[in-house]
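The values are calculated or read from the model by the stated rules, or taken from the named source; none is laboratory data. Source: prediction; values computed, not measured. All Cβ positions, glycine included, derive from the backbone under ideal geometry; neighbour counts span all protein chains shown. We work out accessible area using only protein heavy atoms, side chains counted, and drop any ligands, DNA or RNA first. Shrake-Rupley method; radii C 1.70, N 1.55, O 1.52, S 1.80 Å.
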Amino acid sequence: MVDNNLNYTPDCYYWDKNPFLSAICAERNDKGDCIKYTLSDGSNLPSSYNGPMGECTLVKEEMKKVLKVATICQNHAVEKGCIPPYKGNDSVYKENNKDNNPTDKDTTIATSGCGGWREDSIHNSREAWVLADGTIILFYSGFQLFAIDVNGAKGPNKGGHDIFPLQSKGDGTHPAKLVPGGCSFVEKGGMTTTTLMKKMFNK
């Protein structure tokens, strides 16, 4: 609908097939977070490495017209009542790997590159929209990567149970498409967005 309303595909998507070399972490801080990525040949990442993102603000504003948004919390979404307390990918990683007793640094390394889905970040830094029907959209940054809580504040409020991530992907030629994934984290007993969609469409 956004593409149709604007009459073109705005720059707000990850590459469907990345045209660059793979990226590697070249430097980590003491906590284990990657603070410098380079291409595999050691050269700097291009500004559009992940995809063209220059019009994500435009997409978000257009989505406000398309969706019936009741409430927006730009940060501190738990405190402001937009979202229930969710577990982040760090909490889920520790829970799913408790037999290995991962340290905080192990967990940070495991979730590096997806820090926006850590619990503290979800609760305090991520923007959340509550739609008129109660559905929650939780943004990693913009509509290029977000998660949907399909039944809103109702339980169980767990990754892979009622919370599913989606991302926008494109190639610069065809309209962008929404696909599963993007820093996915699944709590025990849940399923990935890919598995859910395959079940929905019997594929």
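Values computed for the structure shown
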quantity	calculated
Top-ranked residue in the stretch 5-17 [being in a loop (DSSP other than H, G, I, E, B) and in contact with a Gly (Cβ under 8 Å, 6 or more places away or on another chain); ranked as surrounded by the most Cβ atoms within 10 Å (Cβ to Cβ)]	TYR13
Matching residues in the stretch 123-144 - criterion: being closer than 16 Å to GLY182 by Cβ, aliphatic (A, V, I, L, M) and out of contact with any helix residue (DSSP H, G or I) (no Cβ under 8 Å at 6 or more places or on another chain)	ILE137
Which numbered condition TYR37 fails, given (1) open to solvent by less than 60 Å² (accessible area, probe 1.4 Å); (2) over 15 Å from GLY170 (Cβ atoms); (3) of a type outside the set (Gly, Ala, Ser)	(1)
Residue ranges of helices (runs of 4 or more DSSP H) in the stretch 31-126 with at least 2 members within 19 Å of ASN157 (Cα to Cα)	89-96, 119-124
Total residues in the stretch 85-95, condition surrounded by 15 or more Cβ atoms within 10 Å (Cβ to Cβ) and touching a residue at least 40 places away in the same chain (Cβ under 8 Å)	6
Sole exception among (1) touching a strand residue (DSSP E or B) at 6+ places or on another chain (Cβ under 6 Å); (2) open to solvent by less than 40 Å² (accessible area, probe 1.4 Å) for THR71, by number	(2)
Failed item in (1) at pLDDT 95 or above; (2) open to solvent by 30 Å² or more (accessible area, probe 1.4 Å); (3) under 20 Å from LYS80 (Cα atoms), with HIS161 passing the rest	(3)
The stretch 122-149, residues that are under 23 Å from ASN96 (Cα atoms) and open to solvent by 20 Å² or more (accessible area, probe 1.4 Å)	HIS123, TYR140, ILE148
Inter-residue pairs, beta-carbon under 8 Å, first under 15 Å from PRO175 (Cβ atoms) and in the stretch 1-28, second crowded, with 16+ Cβ neighbours inside 10 Å and among the basic types (Lys, Arg), 6+ apart	TYR13/LYS169; TYR14/LYS169; TRP15/LYS169; ASP16/LYS169
